[in-house]
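Trainee: Before I ask anything, let me first share the structure, which is written out below as structure tokens.
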Ligand code: ADE
Ligand code: ZN
């Protein structure tokens, strides 16, 4: 019996692996693996409160979003030079290649770095160089989404938007992340209005820790094209109907949600319920170095704990391409590959 279930699990693993996939919710700072954190700390002479990889992994016990963010922002302090951002991004692209992720839309948080005296140019140039190399050497296409830290002021977000304008060609969209409670979408309405005027596409984290009103707020005040997380939409039946009828995608991050106690266990996660209600839900890794897995690990968790079947797997993967910022021709190309794979 045990042998049989291991065989079935391996079959599903192979199916997940074989499908070309797309990732839409990934913080590049959240891909900083402990080994690289220690290496960069040593190179850049940054004192870390950890002596080795084991100590870092032990520290990664979170009770909620804020307890994670405190550790995540501290970890990002090892990123100083352009080559650090390039290396970080390149290491993530190697993970994509391993998981057969063929397109990725990554967030970066400029304010996490500019607040420490790192130039905006240093950050975006390092990320951009790695993404170009990823396309040339690994065939992975990408988009960049600049996220504003919502615990900071709208004025600071506006200044960050202005700093990004010379790099508009490298940045497709803007987003909103960090501490959700007490920082509702409407706080950033003017910033998003200006971003839209300048031609950026918009997304926002909402309904991760904040309630369903944060999701409707992001749609109505910020005019977002996708909601990041959004799992608390389940608390508002009419909002769920709206998300389904308007086909507004949710970039869901199962392992993250369990680590940050949005759900107490993977068995309680609602992603497949939302999928079966016709919402455009997608599977993503959020901050994989902190939450225990990249995209394929997230899919595998849905199989192991929620009995995801092959039809649901395929639909989730198709949803990601559909919800991406790729053009129609590229979307159709990949969706056809998923359907025939
Ligand atoms: N920044 C990085 N990961 C985040 C998450 N899951 N929610 C809000 N802000 C974040
Ligand atoms: Zn996130």
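Trainee: Name every residue in segment 1-46 that is modelled with pLDDT of 95 or more and part of a loop (DSSP other than H, G, I, E, B), in order of residue number.
Mentor: Answer for segment 1-46, where residues must be modelled with pLDDT of 95 or more and part of a loop (DSSP other than H, G, I, E, B): 19, 20, 32, 33, 45, 46.
Trainee: So which of 62, 68 ends up being assigned to a loop (DSSP other than H, G, I, E, B) and within 16 Å of ligand 1 (Cβ to nearest atom)? Outline the logic, then answer.
Mentor: Numbers: 68 fails: assigned to a loop (DSSP other than H, G, I, E, B).
Exactly one residue qualifies, and that residue is 62.
Trainee: In the list 69, 93, which residue meets the criterion of being closer than 24 Å to residue 284 by Cα and buried (at least 21 other Cβ atoms within 10 Å of the Cβ)?
Mentor: Values: 69 fails: buried (at least 21 other Cβ atoms within 10 Å of the Cβ).
Only one candidate passes the filter, namely 93.
Trainee: Now for a separate question. Among the residues of segment 144-151, are any more than 16 Å from ligand 2 (Cβ to nearest atom) and crowded, with 18+ Cβ neighbours inside 10 Å?
Mentor: No: zero hits.
Trainee: For residue 292, only one of the following conditions fails: (1) away from ligand 1 (no atom under 16 Å from the Cβ); (2) without any contact (Cβ under 8 Å) to a residue 40 or more places away in the chain; (3) farther than 23 Å from residue 330 by Cβ. What is its number?
Mentor: (1)
Trainee: Something else about it: Every residue in segment 77-114 that is within 21 Å of residue 204 (Cα to Cα) and either free of Cβ contacts under 8 Å to residues at least 12 places away in the same chain or within 16 Å of ligand 2 (Cβ to nearest atom) (or both), please.
Mentor: Matches in segment 77-114: 104, 105, 106, 107, 108, 109, 110, 111, 112.
Trainee: Is one or more of the residues making up segment 236-247 within 14 Å of ligand 2 (Cβ to nearest atom), touching a strand residue (DSSP E or B) at 6+ places or on another chain (Cβ under 9 Å) and in contact (Cβ under 8 Å) with a residue 24 or more places away in the chain?
Mentor: Taking segment 236-247 first, the residues within 14 Å of ligand 2 (Cβ to nearest atom) are none.
Within segment 236-247 (the criterion being within 14 Å of ligand 2 (Cβ to nearest atom), touching a strand residue (DSSP E or B) at 6+ places or on another chain (Cβ under 9 Å) and in contact (Cβ under 8 Å) with a residue 24 or more places away in the chain), the answer is no, since none of the residues qualifies.
Trainee: Then there is this: Please note which strands (runs of 3 or more DSSP E) are completely contained in segment 152-235 and include at least 1 residues that are more than 16 Å from ligand 2 (Cβ to nearest atom). So that I can check it myself, show each step before the final result.
Mentor: Values: elements: 173-177, 201-206, 226-229.
Answer list for segment 152-235: 201-206.
Trainee: Sticking with this one: Could you tell me which residue of segment 99-151 is nearest to residue 31 (Cα to Cα), considering only residues that are within 16 Å of ligand 1 (Cβ to nearest atom) and assigned to a loop (DSSP other than H, G, I, E, B)?
Mentor: 109
Trainee: Okay, moving on. Does residue 326 qualify as being within 16 Å of ligand 1 (Cβ to nearest atom), modelled with pLDDT of 95 or more and either crowded, with 17+ Cβ neighbours inside 10 Å or not in a helix (DSSP H, G or I) (or both)? So that I can check it myself, show each step before the final result.
Mentor: Numbers: within 16 Å of ligand 1 (Cβ to nearest atom): no; modelled with pLDDT of 95 or more: yes; either crowded, with 17+ Cβ neighbours inside 10 Å or not in a helix (DSSP H, G or I) (or both): yes.
Considered against the rule, which asks whether it is within 16 Å of ligand 1 (Cβ to nearest atom), modelled with pLDDT of 95 or more and either crowded, with 17+ Cβ neighbours inside 10 Å or not in a helix (DSSP H, G or I) (or both), residue 326 comes out as no.
Trainee: Scan segment 212-239 residue by residue and report those that are under 18 Å from the mean Cα position of the chain (by Cα) and surrounded by fewer than 20 Cβ atoms within 10 Å (Cβ to Cβ).
Mentor: Residue satisfying the conditions is 225 alone.
The values are calculated or read from the model by the stated rules, or taken from the named source; none is laboratory data. Note that the structure is a prediction, hence the values are computed from the model and not measured. Neighbour counts are summed over all protein chains in view; Cβ atoms, including those assigned to glycine, are modelled from backbone coordinates with ideal geometry.
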